[in-house]
Amino acid sequence: MKRIIALSLMSLALAADAAVEPRNYYGNVAKRLGDMLPRYHVLQKQMNDEISQRAWTNLVTFYDFDHSIFLQSDLDRLAAHEKTIDDELRQADPSFGFEVYNLYVERLRERVGFATNLLAECCWDFSTNETYRIKRKDAPWPLTPADAEDLWRRRLKNEVLVAQVNHDLDKSTNRLDVVSDLQKRYRQYVTFMTEPDEEAVLQHYLSAVCRAYDPHTDYMSPDVKDDFDMEMNLTLCGIGATLSMDDGALKIVEVL
């Protein structure tokens, strides 16, 4: 039997307005990880500036892999920690991971706010000669807010054009509402990325450190570790459900 249950995420959206802060015991977790990796990791590497630089890059690119959210000035500000992560772990200080996340949330809301407003107001002119670089992993970060807005304008213009071309090639008779679809997609993305989960922020930070040793080493939060153990031991129990997102709300589409 299919059931559809919408769970409001309004409270989460409101709570996300406040900066996410590390819990009191996170410093001990970070210090213990910093002590254990050099001793027990198979590579036996010291926790040093080289590892710190790799961890810094891993963390920044985890949040902004296509270099479209942060500004170059943000990277310059965060660069003060590029060679100090190893020292901060030894000092039981995990705050840098939360600094990066909170800055990311601030910039993400700015970008998506601009995008949704532009989608509602803009009339696209596809006769102009413009380009958009889709694969931006090695592209420079925008220098100014104006550069970021121009990047997102061209990004949205490309997405609108692609949607229209695909619709025409499919010869679909369904009504195309690409503006509404894109606005909905970006709102859902912001909701997903800004849920105030301290454990997840710590996990992303410490995983960035672990992957500085090798890409197959991760830190798991207690809940994630429990899930991993259940899957590996084939002891997962409970109900199964098909989930989907609908304009920022989680829907249970089907109970299995």
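The values are calculated or read from the model by the stated rules, or taken from the named source; none is laboratory data. Because the structure is a prediction, the values reported are computed rather than measured. Cβ sites come from the backbone with ideal geometry, for glycine too, and all protein chains shown count toward neighbours. Please note that ligands, DNA and RNA were not included when accessible areas were found on the heavy atoms of the full protein model with its side chains. Shrake-Rupley method; radii C 1.70, N 1.55, O 1.52, S 1.80 Å.
The table for this structure:
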{"quantity": "Check on R111, more than 29 Å from L143 (Cβ to Cβ) and among the basic types (K, R)", "calculated": "no"}
{"quantity": "Residues of the range 215-256 classified as farther than 30 Å from T61 by Cα, among the polar types (S, T, N, Q) and modelled with pLDDT of 70 or more, total", "calculated": "2"}
{"quantity": "Top-ranked residue of the range 116-143 - restricted to ones that are closer than 17 Å to H67 by Cα and open to solvent by less than 60 Å² (accessible area, probe 1.4 Å), ranked as farthest from the chain's Cα centre (by Cα)", "calculated": "Y132"}
{"quantity": "Per-region count, the range 34-44, residues modelled with pLDDT under 90 and either part of a loop (DSSP other than H, G, I, E, B) or aliphatic (A, V, I, L, M) (or both)", "calculated": "3"}
{"quantity": "Considering residues of the range 76-115 that are among the hydroxyl-bearing types (S, T, Y) and in a helix (DSSP H, G or I) only, the residue surrounded by the most Cβ atoms within 10 Å (Cβ to Cβ)", "calculated": "Y101"}
{"quantity": "Cβ pairs under 9 Å, 6+ apart, first in the range 219-248 and closer than 21 Å to E199 by Cα, second loosely packed, with under 12 Cβ neighbours inside 10 Å and modelled with pLDDT of 75 or more", "calculated": "none"}
{"quantity": "Candidate set from the range 199-221 (those that are part of a loop (DSSP other than H, G, I, E, B) and over 19 Å from N48 (Cα atoms)); member that is least open to solvent (accessible area, probe 1.4 Å)", "calculated": "S221"}
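Yes/no matrix, rows are residues, columns are (1) in contact with a Lys or Arg (Cβ under 8 Å, 6 or more places away or on another chain); (2) among the basic types (K, R); (3) at pLDDT 95 or above:
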{"residue": "Y101", "(1), (2), (3)": "no, no, yes"}
{"residue": "R111", "(1), (2), (3)": "no, yes, yes"}
{"residue": "N117", "(1), (2), (3)": "no, no, no"}
{"residue": "C123", "(1), (2), (3)": "no, no, no"}
{"residue": "T131", "(1), (2), (3)": "yes, no, no"}
{"residue": "I134", "(1), (2), (3)": "no, no, no"}
{"residue": "P142", "(1), (2), (3)": "no, no, yes"}
{"residue": "A148", "(1), (2), (3)": "yes, no, yes"}
